[in-house]
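To keep things clear, I will list the structure first and then write my remarks on it.
No lab work stands behind these numbers, since they all come straight from the coordinates. Just so it is clear, the model here is predicted, and its values are computed rather than measured. Cβ: placed from backbone, ideal geometry, glycine included. Neighbour counts: every protein chain shown.
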Ligand code: ACO
């Protein structure tokens, strides 16, 4: 397949109009189709940030695999963390259909120039945090990615279909951990509430800044990459999660939370956007630790890359010898 590479830096307005007509008609854009350079760049930006998030997202939970309280919990967590690696791989492969090299993107993550989701820069302090991540973080990811499964770019949308199926399992295992702790001893219940207290607001920040402060949204919505805005998805997540917290007798840590009859929405107090931008700009509680862990993993994997390259070269030599014979 020929990866989609820009032919020129300037997009022909007639081609852009035809492209936008295809999007408006609900058609899916595939790798070999013509696309505006700006559309391609927006997809690479968003998909690479997403792939990095999946990979960095393995770290806070991986931290608890050896400390899971039972064999069943350990197996579920291990499977979940492996799934996240797979999600990263699908999405990196998706970016390659847009003419970028995955190694280049990984280099950007390792040298600190790429973004990944703010949520993974918070620490996992207790076992209940594993429950909170599954329930809230994967729950938020499902709300966001169910919409992305309808995105206009085919490879990304198709990756989301499979990813959402797996995320549903992740969410259920997290919710089950929280429900079990909440129905346990007073100390266990306190642990669950403490985890909800710490993960609630960062989970809401996952959806990105308010629509009025989101520079990319207009373009992404116009081109059908995003189907709903940051605030619409955040609201959907809040409405779903408030009911779930009630069901397991936990309290959402927001004294201003109230149900608005007119809109049928749960309305929240203000989000601390200073905290959000601090974390996005690299100054969250665990940013440095996360990048150091990724760099270490990359260095430790050097021998695998050398071995794979040597094997590929050996195979190529064997093939050319057999063709010559
Ligand atoms: N963490 C870090 N950076 C963020 C976050 C966040 N939670 N939300 C927004 N940003 C960044 C954007 O990347 C953008 O920066 P850039 O222009 O330098 O790339 C800037 O803040 C402004 O935000 P928006 O204009 O609103 O950005 P966008 O329209 O791309 O919306 C969103 C952000 C909602 C995260 C979107 O990119 C998206 O849906 N991405 C795919 C899903 C995803 O990446 N999920 C990751 C977590 S899920 C998981 O891994 C389990």
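Checking the a/c ratio against 1.5 first, then a/b against b/c, what shape does the Cα gyration tensor give for the stretch 109-155? Oblate shape, in that a/c is at least 1.5 and b/c is the bigger or equal ratio.
GNM, the chain, Cα, under 10 Å: largest mean-square fluctuation among 201, 273, 223? Residue with maximal mean-square fluctuation among 201, 273, 223: 273.
When 150, 32, 80 are sorted by how many other C-beta atoms sit within 10 angstrom of their C-beta, beginning with the fewest, the order is 32, 150, 80. Each residue in 127, 199 was given a count of other beta-carbon atoms within 10 angstrom of its own, and listing them fewest first yields 127, 199. For the listed peptides 157-163, 114-120, 263-269, a ranking on the average number of other beta carbons within 10 Å per residue, highest first, reads 114-120, 157-163, 263-269.
I need the shape label for the chain. Rule: rounded when a/c is under 1.5, else prolate if a/b > b/c, else oblate, with a, b, c from the alpha carbon gyration tensor. Since a/c reaches 1.5 but b/c is at least a/b, the shape of the chain is classed as oblate. Need one word for the stretch 138-272: rounded, prolate or oblate. Basis is the Cα gyration tensor (sqrt eigenvalues a ≥ b ≥ c); a/c below 1.5 gives rounded, then a/b vs b/c decides. Oblate shape, in that a/c is at least 1.5 and b/c is the bigger or equal ratio. To the nearest ten degrees, helix 13-24 and the longest principal axis of the Cα atoms of the chain are 50 degrees apart.
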